[in-house]
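In what follows, a single structure is set out as structure tokens and then discussed.
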Amino acid sequence: MNKFLYPHYALMGVVFLIMGCQKEGSKKPPQADIIQKETVIHGDSLRDNYYWLRDRDNPKVIDYLKAENDYTESIMQHTKPLQEKLYKEMLGRIKEIDIEVPTRHGRYFYYKRTEEGKQYPIHCRKKDGLDAEEEIILDQNKQAATHKYFSIGAFKISPNHNLLAFSADTTGSEKFTVYVKNLTTGNIQIEAQKTSYDLEWANDNSTLFYTTMDETHRPDKLFRHKLGSPQNEDKLLHLEEDDAYYLEISKTKSGAFIFLTVESQVTSEVWYLNTNQANGKFRVIHPRQHKMEYMVEHHEDNFLILTNDNAIDFKLMQVSAKSPGKKNWQEIIPHKKFVKLDHVESFKNFIVLYLRQNGLEKILIRNMHTGESHFVNFEEPAYDIKKTKNPEFDTNNLRFTYSSFVTPKSVFDYNMQTKTKTLKKQEEVLGVYDPARYFTDRIFAEAADGTKIPISLVYKKGLEMNGSNPALLYGYGAYGLTRSASFSSKLLSLLDRGFIYAIAHVRGSGTMGRSWYKDGKFFNKKNTFTDFIACAEHLIKTGHASKEKLAIYGASAGGLLVGAATNIRPDLFKAVVAKVPFVDIINTMLDETIPLTVIEWEEWGNPNQKDYYEYMLSYSPYDNVKPKAYPNMLITAGLNDPRVCYWEPAKWTAKLRAAKTNNNVLILKTNMGAGHFSATGRYNYLKEVAFEYAFLIDIMGIKG
């Protein structure tokens, strides 16, 4: 690959200047100017005048980001009372002293609880019954006390329940340190550093398996570690040399196997190891076959395999664990188009399939002895189901969480034998909350090609659909991921001020199955943007919104979505919130040194190929900024973000500021001590949400 052909490399030696950075309190925005240099690629003239912002080791870059933060602070200064009011509102709905429903695992009941004034949860357990004395196994507040950022990665109890292995990231870089705590003595010891998320125990209670990342942040190595031994003596078990693939490890509920999954965006390969043989060898189930995906679960003597082999929305297969090769796979649940099988979970007598049908999540229960199947029933028009911890194998009880726009998070135990559902706990919303005061619905917009695009809606009853109400439209639309209509007590601060909240389930998500996803990637990517615009236009047509009152919100790949939509139809939106937005798609996808770039070629395309390059260039938000009137915009970044590097939103902001032809607000807020996932700690997070909501409420001109 000839990297020197591309503009971000050609400009590396360009002299740069930072001009006009203002002192705190000034309302004149900082300017980011450099001497321009033009580079010609594939016959197209392309400039990147802000490449220099990538140099985070240059003090002037940090000064520039701080100047942007100062400018943002000055612009938002008058909203400080509103931010504080919003923060107190949201905090006032949360039970600061709370406890989750305990989960039985062996002789213990495990749970987390929170205490008033403390940012993080406290992990606890009780032995042999809920009336037993509580044992604190980890207080995250103590671990986080000396850090501005603290995030737990893995959290694994040893098979004998005497040890806790956990990993922590203290910068937002997503590089973790592995600790092991002796739950008898309380001693905590560092066992490994610079690991990825994954961590699993062998059944000998003294062997750990973990993954590490290469310089591009790709999990590429699997190690075996003996407790107490130096990390440099750990045995390398697998090195993945293909840059398009990454590693994940998991342990079956039965505890019998550890799986190593080697996967790209479109292909997977699973290896297995008997957990009673810590020093054994991983064996492959089926060697990678391009564009064939499969996921494995263990059930007694068999493996259960979800695969898309000749089944775009997946089918369920079964095979003996002694001879798991593909030639022996037998179908037990056939493929059904537009019914996407997402996950399989096994119990002694039942298997559970989590799937999507007609855009809605479903749970299918199958009796492994009788072959009988049935669905768990849900009545609301739009809702969210999440898998939860079910560590026990020999039980008829399935636990899951359910919520909707109006129903708070609810933990259910479902008896798979009697088909009865028991509510164990519903998240308590403090203050005055009555779900009957709100209305939720699912409607459909029509895309340019006639495709019907689902929109999930929620708003306060009594609003007139005459276009006078402020509206917030959320979108993501990538990787086949779907944002369901889940409950958020924070959102009430917008709904109670008259906002209508909507989710656009555009192509590129997995809402309507795998074909829905494929229709929004590669050379179909523009469907994602035009679907989103069609949803916005439909909300205006139906009176749910108006151009003067419509805001849009997207994060990460959703930032790409709102950025592209804003370039196409800036007249359609009053305000844009773009969190850690992936907007510099050409420069990022051409740079293989940036974390996860090569892996991402299977999602967006490889711009080293001319046809992909030209198509991606045609929608890249950064490259399509033009002199025009842009909406009011709040853009955020994380200095330590390894997924969307801080310079993407910073460069985009600078280019927008130089190009826009109106005086609408444009502000960049960079978290100088966090990564992709914003602040840690529940209070810090609420303050960030309050800032975003204050921006929207202020722009919409809502008083009180």
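The values are calculated or read from the model by the stated rules, or taken from the named source; none is laboratory data. The shown structure was predicted, so the numbers you read here are calculated from the model rather than taken from an experiment. Positions of Cβ are generated from backbone atoms using ideal geometry, with glycine treated the same way; all protein chains shown enter the neighbour counts.
With respect to the conditions (1) of a type in the set (Asp, Glu); (2) outside any loop (DSSP other than H, G, I, E, B); (3) outside the structural domain of Asp394 (by TED's automatic domain parsing), Glu345 lacks only one, and its number is (3). Figure legend. Inter-residue proximity from segment 520-546: first residues farther than 18 Å from Trp601 by Cα and among the aromatic types (Phe, Trp, Tyr), second residues in a helix (DSSP H, G or I) and modelled with pLDDT of 95 or more, beta-carbon distance below 7 Å, spacing 6+ or different chains. Indicated pairs: Phe529/Leu561; Phe529/Ala564; Phe529/Ala565; Phe529/Ile568; Phe529/Tyr619; Phe532/Leu561; Phe532/Ala565. If I ask for residues that are free of Cβ contacts under 8 Å to residues at least 60 places away in the same chain, polar (S, T, N, Q) and either more than 24 Å from Lys549 (Cα to Cα) or in a loop (DSSP other than H, G, I, E, B) (or both), which ones from segment 631-661 would you list? Correct list: Thr661 only.
Restricting attention to segment 461-473 and to residues that are in contact with a strand residue (DSSP E or B) (Cβ under 6 Å, 6 or more places away or on another chain) and not small (Gly, Ala, Ser), the residue that is farthest from Ile697 (Cα to Cα) turns out to be Lys461. Taken over segment 580-611, residues that are in a loop (DSSP other than H, G, I, E, B) and either under 18 Å from Val562 (Cβ atoms) or over 22 Å from the mean Cα position of the chain (by Cα) (or both) amount to 12.
Here is the figure for segment 389-433: residues that are among the β-branched types (Val, Ile, Thr) and free of Cβ contacts under 8 Å to residues at least 40 places away in the same chain total 5.
In the set Tyr622, Tyr613, only one residue is farther than 30 Å from Ser468 by Cα, of a type outside the set (S, T, N, Q) and free of Cβ contacts under 8 Å to residues at least 60 places away in the same chain; that residue is Tyr622. Checking the structure you have, find out if any residue of segment 433-449 is surrounded by 22 or more Cβ atoms within 10 Å (Cβ to Cβ) and touching a strand residue (DSSP E or B) at 6+ places or on another chain (Cβ under 7 Å). The answer is yes; a qualifying residue exists. Mind checking which residues of segment 685-699 are touching a Lys or Arg at 6+ places or on another chain (Cβ under 6 Å) and not hydrophobic (A, V, I, L, M, F, W, C)? None - no residue of segment 685-699 is touching a Lys or Arg at 6+ places or on another chain (Cβ under 6 Å) and not hydrophobic (A, V, I, L, M, F, W, C), so the list stays empty. Residues satisfying the criterion are present in segment 663-683 (criterion: assigned by TED's automatic domain parsing to the domain that holds Pro470, at pLDDT below 95 and in a helix (DSSP H, G or I)). Acidic (Asp, Glu) and within 22 Å of Ile99 (Cβ to Cβ): does that describe Glu134? In short, yes. Would you pick out the residues in segment 450-481 that are crowded, with 23+ Cβ neighbours inside 10 Å and polar (S, T, N, Q)? Within segment 450-481, Ser456 is the sole residue that qualifies.
Among the residues of segment 324-377, those identified as at positive phi and either crowded, with 16+ Cβ neighbours inside 10 Å or among the hydrophobic types (A, V, I, L, M, F, W, C) (or both) are Phe338, Gly359.
Residues in segment 346-362 that are more than 16 Å from His335 (Cα to Cα) and within 22 Å of the chain's Cα centre (by Cα): Gly359, Leu360, Glu361.
Taking segment 267-297 as the range and being closer than 22 Å to Lys521 by Cα, touching a residue at least 24 places away in the same chain (Cβ under 8 Å) and surrounded by fewer than 15 Cβ atoms within 10 Å (Cβ to Cβ) as the test, the residues that pass are His290, Lys291. Of the numbered criteria (1) at pLDDT below 95; (2) assigned by TED's automatic domain parsing to the domain that holds Lys389; (3) under 26 Å from Glu240 (Cα atoms), the one Gln265 fails is (2).
Residue count for segment 196-246, restricted to those that are more than 24 Å from the chain's Cα centre (by Cα) and of a type in the set (Gly, Ala, Ser): 4. Take the conditions aromatic (Phe, Trp, Tyr), in the same structural domain as Asn349 (by TED's automatic domain parsing) and either surrounded by fewer than 15 Cβ atoms within 10 Å (Cβ to Cβ) or closer than 27 Å to Ala256 by Cβ (or both) and apply them to Phe393. Does it pass? Answer is yes for this residue. Got at least one residue in segment 527-539 being surrounded by fewer than 23 Cβ atoms within 10 Å (Cβ to Cβ) and assigned to a loop (DSSP other than H, G, I, E, B)? The answer is no; no qualifying residue exists.
The single condition from (1) of a type outside the set (Ser, Thr, Tyr); (2) free of Cβ contacts under 8 Å to residues at least 40 places away in the same chain; (3) within 27 Å of Lys95 (Cα to Cα) that Leu481 fails is (3). It is to be established whether one or more residues within segment 365-379 are of a type in the set (Gly, Ala, Ser), over 26 Å from Gln417 (Cβ atoms), in a strand (DSSP E or B) and without any contact (Cβ under 8 Å) to a residue 60 or more places away in the chain. Checked against the condition, which is being of a type in the set (Gly, Ala, Ser), over 26 Å from Gln417 (Cβ atoms), in a strand (DSSP E or B) and without any contact (Cβ under 8 Å) to a residue 60 or more places away in the chain, segment 365-379 yields no hits at all.
In the set (1) surrounded by 15 or more Cβ atoms within 10 Å (Cβ to Cβ); (2) hydroxyl-bearing (Ser, Thr, Tyr); (3) part of a loop (DSSP other than H, G, I, E, B), Ser229 fails one condition alone, (1).
For segment 112-125, state whether one or more residues are within 21 Å of Lys669 (Cβ to Cβ), buried (at least 19 other Cβ atoms within 10 Å of the Cβ) and modelled with pLDDT under 95. There is no residue in segment 112-125 that is within 21 Å of Lys669 (Cβ to Cβ), buried (at least 19 other Cβ atoms within 10 Å of the Cβ) and modelled with pLDDT under 95. With respect to Glu248, is the statement that it is free of Cβ contacts under 8 Å to residues at least 40 places away in the same chain, of a type outside the set (S, T, N, Q) and surrounded by fewer than 19 Cβ atoms within 10 Å (Cβ to Cβ) true? No.
Look at segment 165-181: where a residue is over 18 Å from Leu639 (Cβ atoms) and not assigned by TED's automatic domain parsing to the domain that holds Asn640 and a partner is aliphatic (A, V, I, L, M) and in a loop (DSSP other than H, G, I, E, B), sitting 6+ places away or on another chain with Cβ atoms under 8 Å, you get Val180/Leu227. Restricted to segment 98-209, the set of strands (runs of 3 or more DSSP E) holding at least 1 residues that are among the β-branched types (Val, Ile, Thr) comprises 103-105, 108-114, 122-127, 135-139, 151-157, 176-182, 188-201.
Among the residues of segment 308-338, those that are modelled with pLDDT of 95 or more and under 27 Å from the mean Cα position of the chain (by Cα) comprise Asn308, Asp309, Ala311, Ile312, Asp313, Phe314, Lys315, Leu316. When segment 240-255 is examined, which residues are found to be of a type in the set (Gly, Ala, Ser) and at pLDDT below 95? Answer for segment 240-255, where residues must be of a type in the set (Gly, Ala, Ser) and at pLDDT below 95: Ala244, Ser254, Gly255.
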